[in-house]
Structure formats: C-alpha cells, structure tokens
Amino acid sequence: MRVAIAGAGAVGRSIAGELLENGHEVLLIDKAPTAISVERVPQAEWLLADACEITSLDEAALQRCNVVIAATGDDKVNLVVSLLAKTEYGVPRVVARVNNPKNEWLFNEAWGVDVAVSTPRLMSALVEEAVSVGDLVRLLRFSHGDANLVELTLPEESALAGTQVGQVEWPEDTSLVTIIRGTRVLTPSKEDSLEPGDELLFVAAQAREEQLEDLLSVRRADD
C-alpha cells in the first residue's frame, strides 16, 4: 500500500515509522526544510514541497496513493490537503488530523475527509474507556455513512455474557469487528462467546449507538 503523509513533524514521522514496519510504501511531504530529516525515517521517500499546491501533489504522484494522511499542525492545511486528495486525485482513503477540537465539525465528507482523528477526543475517550465498564465510548468518527468506531467493555452482569456472537441480534448498521480479551486480539466468529471484561470494538451508525449500548449493558433477569 502506498501512503502519502503531509506533515513531517513528530506526528507524521511516527505514523510513517509504524507504516514502514508493516511493509507499506510511505512518502513524507513537508514545505519546511528543517522538517526534512531523512536520517530519522530513512526508509521513507521524502519530498520538500507545499502539500497545498497542485504542482507539489503532481510531483508526489498522489493518484498512485491508496491513502493520504493530512498530519500537519495546521487545520486549514489539513483540510485543503484532504479536499485536493479526494477531489483532484481520487485517493480512496483520506485521514486527517484535527488540531483544534472547535474545528472538528469541518472534517467531513464535504472536505474529502474519510476519517478525522482528534487527539483531545481520542485521549478523553481512552480515559473514559479505562474507567467505564458498560458505557459506550466513541473512539473515531468516519464521515462516510455517518459511522463511528466505538468501544464497550462487557460488564459481568450483562445478559449477553456467555452468549455466542452468532446468537446475538445486533442492531442494524452495526458490525462487531474486534474482541480484545486480555492480551489477545480476536477476529470474531459466530462461534466465539462474549465474556465479561471483553473489550468489544464496533463500527456502528451514530443513530444505533444508544441501542447498542442498551443491548450490551442490559442486566440479567436475576440481578
């Protein structure tokens, strides 16, 4: 997979390193000469250019990218990069960093953003996840289809504890994608059972989140 990252700061370099370790092809783009630190991520391609300029993106061959990540520290730049990547180059997946939570509402399909990542939101979600069992926590928002990545830790008293995944009537527009059980990451099958303490990750329509939380948190009749 070919990935272009606009912004070669600490965030961009960190993402690049992870992707390279997983065998992907990565191009880092930044207009600041001081940001071009090839020795820090030597396996990546580097381009000294303004990612908001069409000529720069032509040079980066953005049309060959499977994913573009707008990871600069400037929300305006990230929005412009996202819009150009989607509308001018037809990049299938555009991920954008939200620096100011007040601007989060702008990072949507209209601006070419498929996934908006807000660090303050993610941090608060992780804090909530750490202390809340039985409460649905929204981790990421996907623009297409108005869907979110949500997490819930199954409480001991849940009526679904011990139930097989295939026996559960999940709400519409909801998909269980991962079960985290201790140190194990499970791809759920119909035969897998739901156990108390499981961290369940779903992609779900926002309108179904309350219904999903009620389904998972409902207490057994004898409680």
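The values are calculated or read from the model by the stated rules, or taken from the named source; none is laboratory data. If you're wondering where the values come from, they're calculated on a predicted model, not measured in any experiment. Cβ sites come from the backbone with ideal geometry, for glycine too, and all protein chains shown count toward neighbours. For accessibility, only protein heavy atoms count, side chains too; no ligands or nucleic acids. Shrake-Rupley method; radii C 1.70, N 1.55, O 1.52, S 1.80 Å.
Values as computed for the structure displayed
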item: Simple Cβ-charge dipole of the chain, Lys/Arg +1 and Asp/Glu -1, about Cα centre, in debye nearest 20; result: 740 debye
item: Of GLY166, THR55, VAL203, farthest towards positive along the dipole that unit charges on Lys, Arg, Asp, Glu beta carbons give the chain; result: THR55
item: Within straight-line cross-link reach of LYS76, aspartates and glutamates at Cα separation under 19 Å, skipping those fewer than 8 residues along the same chain; result: ASP30, ASP50, GLU53, GLU88, GLU104, GLU109, ASP114
item: Taking the chain and dividing mean pair separation by its residue count, relative contact order in percent (alpha carbons under 8 Å, at least six apart); result: 13 percent
item: Sequence-distant residues sharing a close amide H with ARG141 (under 5 Å, placed H); result: ALA116, LEU149
item: Potential lengthening between GLN63 and GLN206 on full extension [0.36 nm per residue; Cα-Cα distance subtracted]; result: 48.3 nm
item: Cβ-based charge dipole, the chain, positive-most Cα from TRP46, GLY112, THR72; result: TRP46
item: Stretchable slack from SER175 to ALA159, in nm (0.36 nm times residue separation minus alpha-carbon distance); result: 3.9 nm
item: Estimated FRET transfer efficiency (VAL218, TRP105; beta-carbon r; R0 25 Å; 0.05); result: 0.15
item: Residue-span extension gain [LYS190 to GLU53] - 0.36 nm each, minus C-alpha spacing; result: 44.5 nm
item: Alpha carbon centroid spacing (whole Å) that separates the stretch 154-181 from the stretch 17-55; result: 41 Å
item: Accessible surface, per residue, of the chain when the full set of protein chains is kept, probe 1.4 Å, Å²; result: 52 Å²
item: Cross-link reach list, aspartates and glutamates versus LYS102, counting only Cα pairs under 17 Å and skipping chain neighbours closer than eight places; result: ASP74, ASP75
item: Candidates per GluC sites (Glu not before Pro) in the stretch 1-62, loop by DSSP, up to 16 other Cβ within 10 Å; result: GLU39, GLU53
item: Of all accessible heavy-atom area on the chain, the percent that carbon and sulfur account for (1.4 Å); result: 51 percent
item: Rounded to 5, the percent of DSSP beta bridges in the chain classed as antiparallel; result: 55 percent
